[in-house]
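Each remark here refers to the structure printed beneath this line.
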Amino acid sequence: MSSYTFSRESILVPSVSTENRQIKTSIPCEGTKAILETLDKYESRSMHGQLPLVWDSAKDSSVYDAMGNKWIDFTSAIFFANIGHSNNRVIEYMNKSLQKPILGCYAYGSEVRANYLEKLLKFSGPNFDKAFLMSAGTEATEAAFKLMRMNGQAINKKRLGIIAYENNWHGRTLAAQMMSGNLQQKEWVGYHDDDIHHLDFPYAWALKGESGESFFNKKIKSLIEKGINPKEDICGMIFETFQGWGAIFYPLDFVQCAEDFCRKNNILMTFDEMQSGFGRTGKAFGYEHYKVSPDLLCLGKGMGNGYPLSGVIGSKEVMDLPEIGNMSSTHSANPLACYAGMAVLDEINNNGLIGEAKRKGEILHQKLNDIKTNSNGLISHVFGEGMIAAILFKNTKTGLPESIIPSKISEKLMQKGLLVVHTGRESIKIGPPLNITDEALLEGLVIIEETIGEYS
């Protein structure tokens, strides 16, 4: 993680006034420091570390503070506002729920839940029959973990093994963290589940010209050499559809080889679609880029567009493995959540946002690659698909990953009226709402080009 600390002191910066940006005060604005200090006092520090900005309101692809400063949002908060902040359709649909005196009904029937599930599964395609709805993404990966093991145990009681990947991220609860590849993040667990196996991620710099297929087969061979029998010991394989910190997709032949391996050994193939789902990558779901057919999808973030909503979907055979009541949840599938989910799907379908994400993504990636070419070696890679991208930085003298400069650039961009995702590592991530205007998208890219130019 970067050791850089963002200043909370108000700094006089050049004023900005365009249709998409407005910087008219010192940044951060007056009052920001006091609010952040209150949060320091009363909130776990685990929630902190982002740019020193207090959001007052957000609409479409714009974010405002209390003083009326206005930012172009290239974050979608954290890649969940796929259809724009405070989307009118979401508000309209949720208001339908608020007109009735019911906020939840646990596992009792609900008409809106029935309608939403039908629409969700139609949107998801013919491979998926049933869903289990929850509130947070990590609940979805926990549920998938459970389903993979239940399916394995139905075949063989000792079939508990799950294959995951280096540096992938699947959430903050026990099983989710055990499947995640970040060792520091799960030190608190106190033990390692010996039935969870992590394979090396096929980074371009790890492949060194080797095919994805060859790399996969080599890593599976090493697992077998440790005494693991895929047919008897492995029940599931989980992919973060792209590696979150750097928007890094797997090589196509790697994933296709993995699918073949799963089918030959009766292993469930699961994709964690938290960041990539609901049109973000220019397809309904990110796994579609690999031309494979997963057994389970873990969904969240853009699913509710800011309202807590997540889920796992799969075939009837797998989704019905738990006994009645075995995977119920107090707040899951409450009417407000279902109405929010309905609004997301209608907005995506009615406004062609998947196609828009693909079209705008081509503009985004073309410009970012042009910036890379002109960065004098400061940018090592540009990754992503559609409306998700990551810029990776390196030290031009040592060639090693550089984490301080992207932190400084993130702060400078904020001062100029543009928000990007600060990862704390050698990357800056970019994921605007899918309905951002072309003008705002291009304006934001010009600011990035200008600011990176100041450091290259």
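The values are calculated or read from the model by the stated rules, or taken from the named source; none is laboratory data. This is a predicted model, so every value here is computed, not measured. Cβ coordinates were reconstructed from backbone atoms using ideal geometry, including for glycine residues, and neighbour counts include every protein chain displayed.
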field: Exclusive hit being in a helix (DSSP H, G or I), among the polar types (S, T, N, Q) and either at pLDDT 95 or above or more than 21 Å from the chain's Cα centre (by Cα) (or both), set 38, 25
entry: 38
- request: Say whether the condition of being in contact (Cβ under 8 Å) with a residue 60 or more places away in the chain, polar (S, T, N, Q), farther than 29 Å from residue 435 by Cβ and surrounded by fewer than 21 Cβ atoms within 10 Å (Cβ to Cβ) is met by at least one residue in the range 338-355.
  value: no
task: Could you tell me which of the residues 376, 369, 435 is at positive phi and touching a residue at least 12 places away in the same chain (Cβ under 8 Å)?
output: 376
message: What's the total number of residues in the range 414-456 that are surrounded by 16 or more Cβ atoms within 10 Å (Cβ to Cβ), in a loop (DSSP other than H, G, I, E, B) and of a type in the set (D, E, K, R)?
response: 2
task: State whether one or more residues within the range 380-402 are in contact with a helix residue (DSSP H, G or I) (Cβ under 8 Å, 6 or more places away or on another chain), buried (at least 24 other Cβ atoms within 10 Å of the Cβ), over 24 Å from residue 282 (Cα atoms) and not charged (D, E, K, R).
output: yes
- request: Would you be able to tell me the number of residues in the range 103-112 that are modelled with pLDDT of 90 or more and either of a type in the set (Gly, Ala, Ser) or surrounded by 14 or more Cβ atoms within 10 Å (Cβ to Cβ) (or both)?
  value: 4
task: Go through the range 379-404 residue by residue and tally those that are within 21 Å of the chain's Cα centre (by Cα) and without any contact (Cβ under 8 Å) to a residue 24 or more places away in the chain.
output: 1
query: So which of 100, 96 is touching a residue at least 60 places away in the same chain (Cβ under 8 Å) and not in a helix (DSSP H, G or I)?
result: 100
query: Has the range 198-210 got at least one residue that is surrounded by 14 or more Cβ atoms within 10 Å (Cβ to Cβ) and either free of Cβ contacts under 8 Å to residues at least 12 places away in the same chain or under 27 Å from residue 322 (Cα atoms) (or both)?
result: yes
query: Which one is surrounded by the most Cβ atoms within 10 Å (Cβ to Cβ), of the residues in the range 275-314 that are under 28 Å from residue 217 (Cβ atoms) and of a type in the set (A, V, I, L, M, F, W, C)?
result: 298
